[in-house]
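Q: Provided herewith is a single structure, encoded as structure tokens, for subsequent inquiry.
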Amino acid sequence: MNKSLVVILAVSLLSACKATVPEPYQKDREPESRTEYSGVEGLAQQQQDQNYLMRKELQDKCDDAKVNLAIAKSDKATKAIKKHQREIKDYCI
């Protein structure tokens with residue numbers, strides 16, 4: 001076999017292998033929509049995404065508790081007021 005042909009085949013195989021390497025994570029998606037992570041960079045991003053999602057969940061619960069507290073205060077619902085005040089203490093940072 002010709003040496004140049006061997007080199008061309010080797011380069012083609014290497015470039016084909018490189019083309020199939022997956023991205024570390026789905027960069028084009030928001031953290032809520034990412035489902036695939038790979039490698040060290042993917043693992044690091046997965047941890048960042050999980051931290052973000054936990055903080056977001058707490059913030060959403062905090063916001064809901066504040067709205068519900070305002071409603072309970074307008075209704076003068078004493079039990080509900082206490083409940084939502086506890087939720088705010090638990091969820092709001």
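Please treat every number below as a calculation from the coordinates, not as lab data. Just so it is clear, the structure is predicted and the values come from calculations on it, not from any experiment. Please note: Cβ atoms are built from the backbone with ideal geometry, for glycine as well, and neighbour counts cover all protein chains shown.
Q: Can you give me the distance in nm between label points at residue 75 and residue 62, each placed 7 Å from the Cα along the Cα-to-Cβ direction?
A: Label-label distance for residue 75 and residue 62, simple model: 2.5 nm.
Q: Can you run phi through the Karplus equation (6.51, -1.76, 1.60; θ = phi - 60°) for the stretch 47-53 and list ³J(HN,Hα) in whole Hz, with x for Gly and Pro?
A: Going residue by residue, I get 5, 4, 5, 5, 4, 4, 5 Hz, with x marking Gly and Pro.
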